[in-house]
Amino acid sequence: MLITNSRLVTWDEPNQILENQAVYIQGDKIAEIGPERELLDRHPGEERIDTEGQYVMPGNICAHTHFYGAFSRGMAIPGPVPKDFPEILQKLWWPLDRSLRMEDVRASAEVMVLDAIKHGTTTLIDHHASPNAIDGSLDVIDDVVERAGVRAVLCYEVTDRDGEGKAQAGIRENVRFFNKIKSQPENASRIRATFGLHASLTLSDATLEASVQAAPSNSGFHIHVAEHEIDQYDSLAKSGVRVVDRLHRYGILGPHSIVVHAIHVDAREVGLLAQTGTWVTHQPRSNMNNGVGVAQVESLLRAGVNVCLGTDGFSHTMWEEWKTTYLVHKLWHRDPRRMNGMEVTNIAVYNNAALVGTFFREAPVGILMPGAYADLIFVDYHPHTPMTAENLPWHIIFGFHESMVTTTMVSGKLLMVDRKVLTMDEEEITHRAREQAPAVWRRYEQQFRP
Ligand SMILES: [Zn+2]
């Protein structure tokens with residue numbers, strides 16, 4: 001397939017915007033990028049897509065999300081509004097994830113993945129919880145992802161909050177799914193696995209130990225850390241040390257592991273995250289919504305921590321997350337020099353791609369170059385000022401909208417063309433979720449009745 005009549009954003013280092021160049025895709029990868037005339041001459045019979053002057057760029061990557069959260073939209077929380085993050089967990093997320101049956105796990109994932117395709121997010125790292133539908137839940141999500149055609153990394157969040165039996169079931173689900181994925185040839189699948197843990201505050205020493213013992217070697221871990229001070233208070237009470245130290249004792253940190261949030265960490269913890277090469281993900285929209293504070297992202301970066309960008313289950317509109325990142329640090333520090341566009345790009349583009357590269361080692365993701373996976377989006381953006389490789393971050397922050405994404409491709413396969421999703425039936429998915437939502441909400445509300 002040849003993509004013609006476009007402007008190419010490579011997200012190479014340094015970034016380039018190429019004009020009059022075409023992209024030749026063979027199978028699941030980019031085979032050639034070169035002068036359009038030459039490529040047209042060399043591949044005369046090849047299927048062509050004329051983008052009519054759109055920008056073609058690597059699909060966006062979301063480093064942390066929750067496919068299970070779709071039914072929260074518009075749902076009322078009974079009683080007084082939660083006053084802090086621990087109450088939000090107890091009154092919203094935990095009763096909600098307990099309300100999910102297997103068909104809801106599927107419907108929620110469908111809604112979220114559809115949202116990702118429409119908004120140009122082609123790779124997603126998910127963190128799943130459904131305590132009353134654990135066994136096989138990752139297969140259900142795997143099936144949704146596989147049919148939809150996106151790229152994903154999946155895990156199940158192990159936690160003690162629903163008792164020992166369910167903690168054990170969570171461990172088994174991670175291990176079973178990891179081994180299933182491992183048994184498939186790497187280049188045949190767009191899905192990878194890691195080992196999910198909820199957060200230090202809902203994990204006993206025994207469960208942490210059991211998880212580490214059970215986790216296959218180099219599976220890495222995906223865990224929320226210090227999203228709120230309560231995680232630190234809890235860790236200090238349980239173990240005498242702070243959260244990152246506690247996880248380090250168990251060998252949970254490292255270059256295959258993802259630590260989510262890291263808002264309330266101290267200097268020693270930042271040092272440990274850097275030393276161990278652990279990935280940290282930043283989700284500023286979620287942090288603002290929960291009123292939990294702002295991670296010291298610039299300090300983390302200066303200390304050598306690899307910070308990435310996720311949505312935490314918000315809509316998979318990564319440029320919205322860019323914009324929030326760009327704005328919130330300026331406000332938080334009352335300093336407009338904070339978090340400039342290049343820093344946002346380093347996090348959202350280069351670090352996210354590097355993180356995904358630890359899971360997909362056979363070919364690069366998140367870059368336009370020969371040999372890379374053909375995960376692309378077309379963006380119908382027509383700037384009224386000059387746009388260059390250098391000022392692109394500011395065009396994205398102030399000019400791009402996800403509604404400008406018209407076409408989404410993953411591994412050389414078109415998932416959406418001219419805003420029509422090809423791999424999923426949008427109407428049917430919306431209808432099914434709407435039919436199931438009242439029962440999910442009923443099961444949720446029942447947990448508040450005496
Ligand atoms: Zn999360």
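Quick look at the values:
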| quantity | calculated |
| --- | --- |
| Anisotropy class of segment 196-318 from Cα gyration tensor, a/c 1.5 cut | rounded |
| Whole-number D in µm²/s for segment 141-255 (Stokes-Einstein; Kirkwood sum over Cα pairs; 10 °C, 1.306 mPa s) | 107 µm²/s |
| The chain, accessible surface, carbon-and-sulfur percent (1.4 angstrom probe) | 51 percent |
| Tensor-based shape of segment 309-450 (alpha-carbon gyration tensor, a/c under 1.5 rounded, otherwise prolate or oblate) | oblate |
| Label zone at Lys180, where the point sits 7 Å out along the Cα-to-Cβ direction: segment 120-137 residues whose backbone N lies under 19 Å | 124-137 |
| Angle between the chain longest axis and helix 205-214 axis [Cα atoms, degrees, rounded to 10] | 40 degrees |
| On Cα atoms only, tilt of 164-182 relative to the major axis of the chain in degrees | 20 degrees |
| Residue-normalised accessible area of segment 89-149, expressed per residue, 1.4 Å probe, Å² | 26 Å² |
| P(r), alpha carbons of the chain - 10 Å bins starting at zero, rounded % | 4, 21, 32, 26, 13, 3, 0, 0 |
| Proximal lysines to Lys91, defined as alpha-carbon separation beneath 18 angstrom and excluding residues fewer than eight positions away on the same chain | Lys83 |
| Stretch gain in nm, segment Arg42-Glu298, where the contour uses 0.36 nm per residue and the Cα spacing is subtracted | 87.5 nm |
| Model label zone, Gln213; criterion: amide N under 19 Å from point 7 Å along Cα-to-beta-carbon; scope segment 164-181 | 164-176 |
| Residue-by-residue Karplus 3J(HN,Hα) for segment 31-43, coefficients 6.51, -1.76, 1.60, Hz, glycine and proline x | 8, 8, 10, x, x, 4, 4, 4, 5, 5, 5, 6, 10 |
| Folded to 0 to 90 degrees: helix 426-446 orientation relative to the chain principal axis, Cα | 10 degrees |
| Difference of contour (0.36 nm per residue) and Cα-Cα distance, Ser239 to Val81 | 53.7 nm |
| Heavy-atom surface of segment 323-450, accessible at 1.4 Å and reported per residue (Å²) | 50 Å² |
| Value of relative contact order over segment 135-201, rounded to a whole percent, pairs C-alpha under 8 Å and six or more apart | 42 percent |
| Under Karplus coefficients 6.51, -1.76 and 1.60, residue-wise ³J(HN,Hα) of segment 315-324 in Hz, glycine/proline x | 3, 7, 9, 5, 5, 4, 5, 4, 4, 5 |
| Zone residues, segment 1-41, relative to Ala389, backbone N less than 13 Å from point 7 Å out along Cα-to-Cβ | 8-19 |
| Value at 222 nm in deg cm²/dmol, rounded to 500, when DSSP H runs of n ≥ 4 in the chain each add -39,500 (n - 2.57) | -11500 deg cm²/dmol |
| With all protein chains modelled, accessible area of Trp332 [1.4 Å, Å²] | 140 Å² |
| Projected label distance in nm at Arg337 and Arg249, using a 7 Å step from Cα toward the beta-carbon | 4.1 nm |
| Probe 1.4 Å, accessible area per residue of segment 29-76, Å² | 44 Å² |
| Exposure of Met369 as accessible area (Å², to 10), given a probe of 1.4 Å and all protein chains | 70 Å² |
| Lysines with Cα under 22 Å of Lys238, excluding same-chain neighbours fewer than 8 positions away | Lys166 |
| Estimated vicinal HN-Hα couplings, Hz - segment 296-309 in sequence order (Karplus 6.51, -1.76, 1.60; Gly, Pro = x) | 7, 4, 5, 5, 4, 5, 5, 7, x, 7, 7, 9, 10, 10 |
| Segment His431-Asn187, extension gain: residue separation times 0.36 nm, minus the distance between their alpha carbons | 84.4 nm |
| Other-chain or far-sequence residues with amide H under 5 Å of His222's (modelled H) | Phe195, Gly196, Leu197, Ile258 |
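The values are calculated or read from the model by the stated rules, or taken from the named source; none is laboratory data. None of these values were measured; they are calculated from a predicted model. Quick reminder, even Gly has a Cβ in these numbers, built from the backbone with ideal geometry, and neighbours come from all protein chains shown. Only protein heavy atoms, including side chains, enter the accessible area calculation; ligands, DNA and RNA are left aside. Shrake-Rupley method; radii C 1.70, N 1.55, O 1.52, S 1.80 Å.
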